[in-house]
Amino acid sequence: MELLSPREAAAFALSLLDLTNLRDDCDNAAIEKLCLRAQTPYGQTAAICIWPRFVAHARAILGPEHAVRIATVVNFPSGDLPVAAVVGETKKAIEDGADEIDMVIPYRKLIAGDEAAVTEMVEAVRAACRDACLKVILETGELKDSALVRRASELAIAAGADFIKTSTGKVAVNATLEAADIMLQAIRDSKKRVGFKPAGGIGTVADADLYLRLAETIMGPNWIMPSTFRFGASGLLDDILALLSGSTAARASSGY
């Protein structure tokens with residue numbers, strides 16, 4: 001990957017960011033703040049990612065055709081809901097104004113050997129999404145085994161995922177470069193236009209840059225754009241803005 005300056009890397013990461021608030025104490029005021037934070041003096045984030053119950057409020061704030069997309073989560077974070085319930089969550093979220101659905105696979109069933117459960121869930125939610133973007137969360141830190149991460153990626157892609165995403169951010173191990181490597185190779189080998197979203201624990205531009213370099217190494221130049229790559233993060237924006245505004249403290253914390 002062409003060596004980017006810290007400022008260039010920060011600006012690029014900003015354009016790929018799903019600015020996230022999935023805190024248990026989130027409220028309408030926090031959503032209002034999130035919508036404002038997503039629109040920075042240096043450009044906009046790709047999306048915000050929020051609980052389903054706040055989608056209508058966010059849509060009212062942003063309006064019907066805002067460039068900042070609204071993503072929400074379903075079957076989250078446990079991955080244990082019945083298919084019908086997840087389809088219901090999805091349809092309601094889209095009716096409320098969601099542009100993107102981040103869905104957790106039934107990863108515990110997959111660990112137990114039930115691949116069909118993953119396929120059934122993804123296909124059902126894909127159908128319910130209509131034109132909305134479907135990001136499928138594998139919860140790679142719980143899958144642990146590299147072969148299982150690869151298989152989960154393949155199942156999600158085959159069933160219609162627009163993106164595959166590492167993690168909920170709600171477990172002990174979230175995004176890792178090792179999982180990213182496996183997932184990106186699965187995308188490449190599928191020969192389908194499927195995006196990748198690392199999420200959880202990416203807090204600095206230096207962290208983000210490692211994922212960008214890995215993605216370009218595997219997928220080739222010019223592959224990375226908001227339609228193929230997102231970061232799921234809550235704290236990354238702080239470091240991005242500090243770098244873009246010229247804060248020396250942020251440069252140090254980012255490793256630059």
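The values are calculated or read from the model by the stated rules, or taken from the named source; none is laboratory data. Everything quoted here is computed from the prediction, not taken from an experiment. Cβ placement follows ideal geometry from the backbone for every residue including glycine, while neighbour counts extend to all protein chains displayed.
Being at pLDDT 95 or above and under 16 Å from R230 (Cβ atoms) is a condition met by at least one residue of segment 78-98.
So, in segment 110-121, of the ones that are hydrophobic (A, V, I, L, M, F, W, C) and either without any contact (Cβ under 8 Å) to a residue 24 or more places away in the chain or under 29 Å from D96 (Cα atoms) (or both), which residue ends up surrounded by the most Cβ atoms within 10 Å (Cβ to Cβ)? Per the criteria, the residue is M121. Checking each residue in segment 63-86 for being more than 16 Å from N21 (Cα to Cα) and buried (at least 20 other Cβ atoms within 10 Å of the Cβ) picks out N75, G79, V86.
Scanning segment 143-162 for residues that are farther than 18 Å from Y211 by Cα, within 17 Å of the chain's Cα centre (by Cα) and of a type outside the set (D, E) turns up A152, A156, I157, G160, A161. In segment 130-168, of all residues being in contact with a Leu (Cβ under 7 Å, 6 or more places away or on another chain) and β-branched (V, I, T), the one that is farthest from V68 (Cα to Cα) corresponds to V149.
Condition check: over 20 Å from D114 (Cβ atoms), crowded, with 23+ Cβ neighbours inside 10 Å, more than 14 Å from the chain's Cα centre (by Cα) and modelled with pLDDT of 95 or more. Does I187 satisfy that? Please lay out each step first, then the result.
Values: over 20 Å from D114 (Cβ atoms): yes; crowded, with 23+ Cβ neighbours inside 10 Å: yes; more than 14 Å from the chain's Cα centre (by Cα): yes; modelled with pLDDT of 95 or more: yes.
Yes, satisfied.
Listed conditions (1) under 19 Å from the mean Cα position of the chain (by Cα); (2) in contact (Cβ under 8 Å) with a residue 24 or more places away in the chain are all met by A124, apart from (1). When segment 130-142 is filtered for residues that are in a helix (DSSP H, G or I) and surrounded by fewer than 23 Cβ atoms within 10 Å (Cβ to Cβ), the ones remaining, listed by number, are G141, E142.
Sort out which residues of segment 16-49 are among the aliphatic types (A, V, I, L, M), within 16 Å of G63 (Cα to Cα) and in contact with a Leu (Cβ under 9 Å, 6 or more places away or on another chain), and write them in order of number. The answer is L34, A38, A46, A47, I48.
Restricting segment 163-181 to residues that are buried (at least 21 other Cβ atoms within 10 Å of the Cβ) and farther than 15 Å from L22 by Cβ, the residue that is farthest from the chain's Cα centre (by Cα) is A179.
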